[in-house]
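Visitor: One structure is given below, represented as structure tokens, and several questions about it will come after.
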Amino acid sequence: MEIFTGPVITVFIWALFSLLSTTSQHSICSEAFTQMKEARNMTHCTKLPTLGAEFGWKYDDDQNDRGGHNNNRSNTTAAQNRIEILFGTRQLSEMGWLAWGVNPSSTPGMVGTRAIIGMRQPNGSWAVDTYNVTGGTKLGCGLLPSTIDVFVEKKEIEYNASNQYYAISATLLLPQPEYNISRLNHVWQVGYRTVGMEPMMHPTALQNVDSAETINLRTGESEGVHGVLNIMGWGIFLPLGAMIVRYFRVHPKQSRWWFRLHVGFQIVGYTIGTIGWIIGIWLGHASRYYTFPKHRTLSIFIFTFASLQMLALRLMPRSKDEYRKFWDLYHHSLGYALLAAIAIDIFLGIGILKPADRSWRFEDKSL
């Protein structure tokens, strides 16, 4: 079809470039964390998706552990990756413990994590040690310091009272191929009660339950694309396609390419959004603890009626056909309804994560 030439190809190229640049860029870390990272000469930094946490690191490939000083694991000459990590978060309340760890399992999660946990002692000081998080921990068994299969040295935890920032730093040797730094499962957590060197149960809010991801330490990219795809597809390209019809068909600037651009933006937005929607459906089925009926229902509504809108590409009558005015009424009304539903659903999705920065919310704090 003729409409799939020229501007439509340009739209596809722009969409691909925008998506790649969006997913590849690191989130900008806070000033306090950046200062701590730079003091340790670390080269990478990113904001983590939950608990207001931030993560910095530096890595070296293929180190060999030949020394006898390793008290965390047996001596070996296997290839290893040496990484220096810094994990921190700002908390307004007094914190009991702070944890970060790696998990050699196929998917990121609490069970199986080799963790570094720092906790406040009764005298107000901080102590840090290594822990092996097992299935028993999830069932309520105590979690006490233990040796792990990862060599850890220079374990430290610090607290900056001026900005209420807590941070753990350490150097790790990750054995290959158990720990692939191009696809490393890491987990982080905070809790508010301790008994000696035993951390007590953390809160069960979604922020705490979902504090895990897979990250590529070489590039800084993480596998958390559901929100990015939905915002790019449903929240950017589809509205832009509607704006082209509204503002570039006649007024304020007439363009002979308006229809092709309109179709191109709608196809790109629908394609990207559908991929994000499928990932979201899968995440919903995979979640064992939480369901979000409003977010899910709206997303199904959006996908269903957006699919119906896409059929308009094939079912659109000619301008002189008798029922063209009814088709226009249906197409425009459903399009505006979809834009409203998309805006609501995107904010519902952001709200599910309960981000630490709530400046996006329009609410009266005096109420």
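Visitor: Might you work out the accessible area of TRP258 for me, using a 1.4 Å probe with all protein chains in place, and round it to the nearest 10 Å²?
Guide: Approximately 60 Å² of TRP258 is accessible to the 1.4 Å probe.
Visitor: Accessible area, 1.4 Å probe, largest first: how do HIS186, HIS262 sort?
Guide: HIS262, HIS186
Visitor: Right, here's the next one. Hey, any idea what % of segment 151-199's accessible area is carbon plus sulfur with a 1.4 Å probe?
Guide: Here carbon and sulfur together make up 44 percent of the probe-accessible area.
Visitor: Sort the following peptides by mean Cβ neighbour count (other Cβ atoms within 10 Å, averaged over residues), highest first: 176-182, 310-316.
Guide: Going from most to least packed, we get 176-182, 310-316.
Visitor: Just reorder THR271, THR194, THR89, THR147 by solvent-accessible area, largest first, 1.4 Å probe, all chains present.
Guide: THR147, THR271, THR194, THR89
Visitor: Going down the table (LYS58/LYS138; LYS37/LYS138; LYS37/LYS154; LYS47/LYS138), which pairs top 25 Å between alpha carbons?
Guide: LYS58/LYS138; LYS37/LYS138; LYS47/LYS138
Visitor: Same structure again: If you roll a 1.4 Å probe over the heavy atoms of the protein chains, what accessible area per residue do you get for segment 123-189, in Å²?
Guide: I get 45 Å² per residue for segment 123-189.
Visitor: Of ILE281, ILE117, which has the most accessible area with a 1.4 Å probe, and how do the rest follow in descending order?
Guide: Per-residue accessible area, sorted high to low, gives ILE281, ILE117.
The values are calculated or read from the model by the stated rules, or taken from the named source; none is laboratory data. All figures in this text were calculated on a predicted structure; none of them were measured in a lab. Cβ: placed from backbone, ideal geometry, glycine included. Neighbour counts: every protein chain shown. Just so you know, the surface numbers come from the protein's heavy atoms only, side chains and all, with ligands and any DNA or RNA stripped out. Shrake-Rupley method; radii C 1.70, N 1.55, O 1.52, S 1.80 Å.
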